[in-house]
Amino acid sequence: MALLTDGLCINDTYEVEAFLGEGAFAEVYRVKHRFLGRQAMKFFKAPGWSPDEVSAMLGEAVLLSKINHPNIVRVYDANTASLIGDTFGFFTMEYIAGGSLSQYWRSFGAQFMPLREAIEVMRQVCKGIAVAHSHNPPIIHRDIKPQNILIGHETTGIRARISDFGLAKNVNPLTLMATSRGTVSFKAPEALQDPQGDSLTGDVWAIGTTLYLLLTDRLPYDLEEGRSHGTSDTFSSPPPPPSRWNALCDSALDQVVLKALRVDPKQRYRSAMEFLNALEAWRPDAKRMEKAKSDTASHGNTSKGVLGTTPQAREHLGRQLALRSIAVAQDPERLSEAVSLMEKALKESPELSRKYEARLRLWRRGISM
């Protein structure tokens with residue numbers, strides 16, 4: 001059960017509007033600042049902290065305040081609040097209406113995420129993480145994954161922002177290592193074997209895993225939470241190149257992605273900046289892409305279930321599909337495509353029927369609006 005309820009006012013400043021989700025240590029809400037409008041609030045679950053404990057838990061806000069970059073979520077405030085007789089810590093950050101990369105990726109259903117969008121999103125992620133890596137001492141994220149990348153839609157195009165630096169830590173400037181935590185499917189082999197094994201190249205591995213997922217709808221390695229994974233078996237051979245699953249990927253892009261997933265960290269890109277340089281140097285083969293479009297319009301062999309599903313994810317997917325269908329319906333010749341997208345939206349999120357069923361009926365009759 002969520003700690004905060006809709007309409008609750010925090011410190012006479014923030015009105016709670018909606019529960020957005022939760023992690024192991026905190027809940028996230030959309031709130032309205034009395035003067036500055038909508039923000040996101042990360043509200044930590046543990047009550048009754050000492051001043052030192054509050055300071056430690058708000059370390060993420062402190063880190064984010066030091067990394068000022070358009071591809072890293074911006075922090076506005078960090079404070080404590082009294083609730084049911086206890087003291088809780090919180091901080092507020094910019095609210096991104098588009099949701100996470102995980103939700104955006106799922107919105108394409110049985111289709112691959114467009115290649116250019118996937119590359120552009122990961123270029124922006126590399127830019128943000130490169131700033132953290134260049135900090136003195138370097139800061140590693142340690143939990144890069146689609147759920148921790150927020151996607152916003154702006155007049156200039158899509159913009160990715162990295163969030164949830166809750167596991168981030170200044171690395172030892174001599175060894176460039178830090179204590180390993182995070183999500184198993186996106187952890188580098190050396191970090192799984194050694195709790196002290198996280199490094200800059202561990203973030204590179206996580207970015208590479210995320211890019212591989214966007215390109216193929218598959219994870220490069222089949223890892224399970226709670227299991228011990230040794231390089232001798234789990235990582236004994238490299239994953240199939242992305243081009244095996246997605247015909248729009250060429251051998252040059254295969255090499256870029258697979259270098260980030262080398263088992264030996266010394267053979268990977270040494271930092272997010274090196275990975276960024278490789279992505280920016282890659283150029284798609286226009287003829288190959290044109291030839292492959294018809295083959296990859298719908299691959300149909302996999303689903304977006306590889307990261308699991310939740311009711312919140314299905315609801316968000318429904319909203320994303322509905323918005324895409326409305327955009328498509330602006331072209332009367334694409335009404336049948338809009339109908340298909342809206343039908344999928346209502347299947348994922350039936351509660352949208354009251355809002356869009358009448359529109360869908362008109363579209364089925366050939367009437368755009």
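Output the qualifying pairs, or none if there are none: Cβ atoms under 7 angstrom, residues six or more apart or on different chains, first residue in segment 140-157 and under 16 Å from Leu323 (Cα atoms) and assigned by TED's automatic domain parsing to the domain that holds Lys187, second residue aliphatic (A, V, I, L, M) and buried (at least 22 other Cβ atoms within 10 Å of the Cβ).
Correct list of pairs: Ile151/Leu101; Ile151/Ala160.
Which of (1) out of contact with any Phe, Trp or Tyr (no Cβ under 7 Å at 6 or more places or on another chain); (2) surrounded by fewer than 22 Cβ atoms within 10 Å (Cβ to Cβ); (3) touching a residue at least 12 places away in the same chain (Cβ under 8 Å); (4) over 13 Å from Ala160 (Cα atoms) does Gly59 not meet, given it meets every other one?
Answer for Gly59: the failing condition is (3).
List pairs: first in segment 252-263 and closer than 20 Å to Pro189 by Cβ, second polar (S, T, N, Q) and assigned to a loop (DSSP other than H, G, I, E, B), Cβ under 9 Å, 6+ apart or cross-chain?
Partner pairs satisfying both residue conditions: Val263/Thr231; Val263/Ser236.
Do we have any residue at all in segment 13-32 that's in contact with a Ser or Thr (Cβ under 9 Å, 6 or more places away or on another chain), without any contact (Cβ under 8 Å) to a residue 60 or more places away in the chain and charged (D, E, K, R)?
Checking segment 13-32: not a single residue is in contact with a Ser or Thr (Cβ under 9 Å, 6 or more places away or on another chain), without any contact (Cβ under 8 Å) to a residue 60 or more places away in the chain and charged (D, E, K, R).
Rundown of residues vs (1) more than 19 Å from the chain's Cα centre (by Cα); (2) under 20 Å from Val257 (Cα atoms); (3) at pLDDT 80 or above, yes/no style:
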position	(1), (2), (3)
Ala130	no, yes, yes
Asp143	no, yes, yes
Lys187	no, yes, yes
Gln193	yes, no, yes
Tyr212	no, yes, yes
Thr231	yes, yes, no
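Return the residues of segment 232-284 that are among the hydroxyl-bearing types (Ser, Thr, Tyr) and surrounded by fewer than 18 Cβ atoms within 10 Å (Cβ to Cβ); say none if nothing qualifies.
Of everything in segment 232-284, those that are among the hydroxyl-bearing types (Ser, Thr, Tyr) and surrounded by fewer than 18 Cβ atoms within 10 Å (Cβ to Cβ) turn out to be Ser232, Thr234, Ser236, Ser237, Ser251.
Among residues belonging to segment 261-309 that are modelled with pLDDT under 70 and among the acidic types (Asp, Glu), point out the one that is nearest to Ser237 (Cα to Cα).
That would be Asp295.
Looking at Ile10 and the list (1) under 29 Å from Gly157 (Cα atoms); (2) crowded, with 16+ Cβ neighbours inside 10 Å; (3) touching a residue at least 24 places away in the same chain (Cβ under 8 Å); (4) of a type in the set (A, V, I, L, M), which single condition is not satisfied?
(1)
The values are calculated or read from the model by the stated rules, or taken from the named source; none is laboratory data. Predicted model only: the values in this text are computed from it and were never measured. Here the Cβ is made from the backbone with ideal geometry for all residues, glycine too, and neighbour counts use every protein chain on show.
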